[in-house]
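The values are calculated or read from the model by the stated rules, or taken from the named source; none is laboratory data. All values derive from a computational prediction rather than experimental measurement. Cβ placement follows ideal geometry from the backbone for every residue including glycine, while neighbour counts extend to all protein chains displayed.
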Amino acid sequence: MLFIVATIATGFLAVWQWDRAHEAGGSFQNLGYALQWPLFGAFTIFLWIKLIRMDLAQHDGEGETGSAPETGTPEEHQETTPETAEQRRTRPLVPPPAPSVDADEDPELAEYNKYLAGLNESDQSAS
């Protein structure tokens, strides 16, 4: 309902700005707003459609009742079953650690990494 009201409101605002641009005190700024408000309305409709699709996808995911039996190690199970939407949502967004850099490759980066390791060590010992 909110999306419909917002879209109708942007239509009224576009007409108001269009009329205002053609009055004696109107300017190109009013004309720009008159052209911009319909874009806001179109974006509102786009968001509404996206939310409906996301909601339908979520309900389709909840409706599935079949599950594979868990046999073997978790690593084996994880490789054979596709990742669910809930697993993707809760998966940490931390990338894997980068390979270590020695002082011969990049002395500044190696010094900085040594500094960070020292900070981490002091933080771990304080906890």
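Of the conditions (1) surrounded by 10 or more Cβ atoms within 10 Å (Cβ to Cβ); (2) at pLDDT 90 or above; (3) more than 25 Å from Phe3 (Cα to Cα), Gln78 satisfies every one except a single condition; which number is it? Here Gln78 meets the rest and fails (2).
Taking segment 81-127 as the range and being within 30 Å of Gly61 (Cα to Cα) and either hydrophobic (A, V, I, L, M, F, W, C) or at pLDDT 85 or above (or both) as the test, the residues that pass are Ala85, Leu93, Val94.
Scanning segment 16-47 for residues that are hydrophobic (A, V, I, L, M, F, W, C) and either in contact with a Ser or Thr (Cβ under 8 Å, 6 or more places away or on another chain) or more than 20 Å from Leu2 (Cα to Cα) (or both) yields Trp16, Trp18, Ala21, Ala24, Phe28, Leu31, Ala34, Leu35, Trp37, Phe40, Ile45. Does segment 10-44 hold any residues that are touching a helix residue (DSSP H, G or I) at 6+ places or on another chain (Cβ under 8 Å) and small (Gly, Ala, Ser), and which are they? Selection gives Gly11, Ala14, Ala21, Gly26, Ser27, Ala34, Gly41.
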